[in-house]
Amino acid sequence: MERRPHLDILLCAPRGFCAGVDRAIQIVELALEKYGAPVYVQHAIVHNKYVVDGLRDKGAIFVEKLDEIPQTEAPVVFSAHGVPKSVPADAKTRNMFFLDATCPLVSKVHVEAQRHFAEGHEIVLIGHKGHPEVVGTMGQLPVGTISLIETVADAMAFEPRDPQSLAFVTQTTLSVDDTRDIVNALKERFPAVNGPHKEDICYATTNRQEAIKAVALEVDAMIVVGSSNSSNSLRLVEVAERAGCKVSMLVDRAVDIDWVRLAGVTTLGVSAGASAPEKLVDEVIKAFARRYDTKVEVRVTARENIAFNIPRELRAIKVVAGK
């Protein structure tokens, strides 16, 4: 029998599900348990194909707009990314029963934007155009109230109405380093700019990026488990590359691994985006174990014990189910 090459796997921790993602998935699952199928979900509840497909198999129906939903008494769940204020307002006019799965850390950004608006500030949102979280945050205020900045170049070109009355908020899933550069550019140009009381980039995004940085220089390649529409997962790949890991790839499932790019690798880092379940990480590690003599070492850079409450309509069923 041919001897398999040895492979050291450094498993980043924290990785995978964050509290906001866990809460959002629970909301859909508990709604299905309490009210039965179907449960409608506006947009993907989280950006992970495996999770979405699993919930669809249980009876969730995913739509992009409320007018895709027939007249029904079935629950409608808003995704973890948040929605513009117009969406729940529209749901009320349609007499829909809805449950809001917006991550509380995204809701915090919404509150900050509303506070700045109430104080008369012109608002800048640092984020990626078209991302549902950005759409939701910009939709908390009247059209034209928030300007989107995506890059340092955007920050250098931006001309506020009044430099003395400017504030910024950020998308929660950005690259910590990129965002820091943009914020520094804004502060250099507009020293009076108001920022959030506490950094908007969520703890899970920051922790997963720091874990990647801690192992990137020690490995020949990095695998990030996550879907291509997941902002935080894409940022993890970028962070690994910038930290010195030349071969970094995003994979949805083990079947997506590009083995050709991994030829000659003897050390491998593995992480997962905040919307990727641990089951898929296990699947990837098993795929390597079939080809290599593997040794897995967990590298812990932070510990997470945060949990968010689910809507009170579902708390009784959660207690009964013992979940």
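A short reminder: the numbers here are calculations on the coordinates, not readings from a lab. Computed from a prediction, not measured in an experiment: that's the story for all the values here. Cβ atoms come from the backbone with ideal geometry, glycine included; neighbour counts cover every protein chain shown.
Label the stretch 10-162 by shape, choosing from rounded, prolate and oblate, from the square roots a ≥ b ≥ c of the eigenvalues of the Cα gyration tensor; if a/c is under 1.5 it is rounded, and otherwise prolate applies when a/b is larger than b/c, oblate when it is not. In terms of gyration-tensor shape, oblate. The helix-only estimate of mean residue ellipticity at 222 nm for the chain, built from DSSP H runs of length n ≥ 4 each weighted as -39500 (n - 2.57), is -12000 deg cm²/dmol after division by the residue total. Less than 5 angstrom separates the built amide H of Val41 from those of Ile61, Phe62, Val63, Val77, all sequence-distant by 5 or more or on a different chain.
For the chain, modelled as a GNM whose springs connect Cα atoms under 10 angstrom apart, the maximal fluctuation among Ala153, Ala37, Ala216 occurs at Ala153.
Rounded to the nearest Hz, the phi-derived 3J(HN,Hα) couplings of the stretch 239-246 under the Karplus curve 6.51 cos²θ - 1.76 cosθ + 1.60 (θ = phi - 60°) are 4, 4, 5, 5, 7, x, 8, 6, where x marks glycine and proline. For Asp252, the residues 5 or more places off, or on other chains, whose built amide H falls under 5 Å of its own are Gly226. Looking at the stretch 1-38, the trypsin sites (Lys or Arg not before Pro) that sit in a DSSP loop and have at most 11 other Cβ atoms within 10 Å of their own Cβ are Arg3.
Applying a DSSP loop filter and a limit of 13 other Cβ atoms within 10 Å to the trypsin sites (Lys or Arg not before Pro) in the stretch 127-230 leaves Lys129, Arg161, Lys198. Rounded to whole numbers, the Karplus 3J(HN,Hα) couplings from phi for the stretch 115-130 are 5, 4, 5, 5, 8, x, 7, 6, 10, 10, 10, 8, x, 9, 4, x Hz, using 6.51 cos²θ - 1.76 cosθ + 1.60 with θ = phi - 60°, and x at Gly and Pro. Using the Karplus relation 6.51 cos²θ - 1.76 cosθ + 1.60 with θ = phi - 60°, the per-residue 3J(HN,Hα) values for the stretch 297-313 come to 10, 8, 10, 9, 10, 6, 10, 10, 9, 8, 9, 10, 5, 8, x, 4, 4 Hz, with x marking Gly and Pro. Here are a few candidate values for Cα extents along the principal axes in Å: [x] 87, 60, 38; [y] 69, 54, 31; [z] 83, 54, 30. Which one was actually calculated from the structure I just gave you? Label [y] holds the value from this structure. For Ile9, the amide hydrogen comes within under 5 Å of the amide hydrogens of Leu268, Lys295, Val296, Glu297, counting only partners 5 or more places away or on other chains and with H modelled in the peptide plane.
Take every Cα pair under 8 Å whose residues are at least 6 apart in sequence, average their separation, divide by the length of the stretch 105-189, and the relative contact order is 38 percent. Which translational diffusion coefficient, to the nearest whole µm²/s, is obtained for the stretch 69-153 from the Stokes-Einstein equation, given a Kirkwood hydrodynamic radius over C-alpha pairs, 4 °C and 1.567 mPa s? Approximately 93 µm²/s, per Stokes-Einstein. Once Rg and the Kirkwood radius are both taken over the C-alpha atoms of the stretch 235-323, their ratio Rg/Rh works out to 1.09. Say we join alpha carbon atoms closer than 10 Å with springs in a Gaussian network model of the chain; which of Asp220, Asp53, Asp67 then has the biggest fluctuation? Judging by the Gaussian network model, the answer is Asp67.
Among the listed pairs Lys58/Lys213; Lys49/Lys129; Lys85/Lys198, a Cα-Cα separation exceeding 26 Å is found for Lys58/Lys213. Given axes a ≥ b ≥ c from the Cα gyration tensor, I'd like to know whether the stretch 105-189 is rounded (a/c under 1.5), prolate (a/b larger than b/c) or oblate. Oblate is the answer for the stretch 105-189, as a/c is 1.5 or above yet b/c matches or exceeds a/b. Find how many whole Å separate the alpha carbon centroid of the stretch 246-309 from the alpha carbon centroid of the stretch 33-108. Cα centres, the stretch 33-108 to the stretch 246-309: 30 Å. A straight chain from Lys34 to Phe308 at 0.36 nm per residue would run longer than the Cα-Cα distance by 96.7 nm. Take every pair of alpha-carbon atoms less than 8 Å apart whose residues are at least six positions apart; their mean separation over the length of the stretch 19-103 yields a relative contact order of 35 percent. Can you tell me the relative contact order of the chain? Whole percent, Cα pairs under 8 Å, sequence separation 6 or more. Reported as a whole number, the value is 27 percent.
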